[in-house]
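Worksheet for the structure shown next.
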Amino acid sequence: MSGTGTNAQNDPLQTAVWRLRSRGCWTDAAALLATREGADVAVQRTSLLIERCLFTGEGWDEAEDSLRTAEAVADDDDARGAAACERGQLAYAATVLGVRDRADEARTALGRAAALLAPGSSGRPLLDFRRGLIAEHIADSPQAARAAYRRAHAGATAHDDPLLLSFTWRHLAGLALREGELADARHGFAESLRLREELGFLVGTAPALAALADAEPEPEASRLRAEATRLFRLLGGVPSWLAAQLTPPAPAA
């Protein structure tokens with residue numbers, strides 16, 4: 001695992017931020033960005049802290065404070081749209097993790113982001129992906145989710161964003177698995193895992209292994225889950241929501 005992630009410009013600070021983020025050290029990664037100013041940096045810092053919330057279920061107040069700062073310093077439509085996209089993600093995370101129902105806020109924020117971000121904006125694919133998450137996990141509309149994920153996938157390809165592609169592959173594969181399309185599910189999950197391993201996105205590798213295991217027969221499924229469990233423990237139980245998936249069901253009485 002290279003640890004360079006998506007830092008195409010080889011900026012030493014961004015390389016350090018990526019290495020910390022990829023190992024689940026979101027607070028430390030966000031702290032490094034305190035040395036720089038600007039709307040883009042404020043959004044990036046907020047994104048890191050929201051990702052921590054989603055992976056750990058903790059840090060909500062700090063993420064909210066950072067988000068308000070990003071909204072305050074946004075100085076054009078792109079920055080305001082990016083901040084609105086992060087507000088939608090924070091509200092989505094709070095909803096799906098059962099912290100508080102903020103589904104309406106999530107939809108409103110992503111709608112605002114859609115109005116602010118230009119069709120060809122680099123932030124548009126991430127917005128499409130997050131609208132897919134809302135459709136799948138809150139609205140329970142797999143058809144709408146698939147359409148949004150496909151738009152995000154095409155946009156991530158056009159903008160050369162392999163990390164986002166690892167997410168779109170995984171979620172499209174999850175919908176395929178849900179409909180019994182095993183070959184498509186295996187392919188998508190395998191592509192997601194490949195990209196995360198190539199990027200060195202360690203904190204996202206255990207979920208990718210576990211997802212692929214769901215589409216594989218034995219004994220490969222057990223091997224993949226064992227590797228996912230090893231990484232999950234190595235990272236101190238992150239992402240926290242993966243624990244239930246990795247814990248075998250209790251034997252019947």
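The values are calculated or read from the model by the stated rules, or taken from the named source; none is laboratory data. A quick note: this is a predicted structure, and the numbers were derived from the prediction, not measured. Note that we place each Cβ from the backbone using ideal geometry, even for glycine, and neighbour counts take in every protein chain shown. Areas reflect the complete protein model, heavy atoms only, side chains present, ligands, DNA and RNA absent. Shrake-Rupley method; radii C 1.70, N 1.55, O 1.52, S 1.80 Å.
List of remarks:
- Test: residue in the stretch 59-77 that is in contact with a Phe, Trp or Tyr (Cβ under 9 Å, 6 or more places away or on another chain) and at pLDDT below 95: no
- Taken together, Asp101, Asp61 contain a single residue that is touching a helix residue (DSSP H, G or I) at 6+ places or on another chain (Cβ under 7 Å) and either hydrophobic (A, V, I, L, M, F, W, C) or free of Cβ contacts under 8 Å to residues at least 40 places away in the same chain (or both), which is Asp101.
- Test for Leu163: is it touching a residue at least 24 places away in the same chain (Cβ under 8 Å) and open to solvent by 10 Å² or more (accessible area, probe 1.4 Å): yes
- Test for Leu231: is it under 19 Å from the mean Cα position of the chain (by Cα) and either over 30 Å from Glu58 (Cβ atoms) or not assigned by the TED database to the domain that holds His137 (or both): yes
- Considering residues of the stretch 1-53 that are hydroxyl-bearing (Ser, Thr, Tyr) and over 24 Å from Ala206 (Cβ atoms) only, the residue modelled with the highest pLDDT: Thr46
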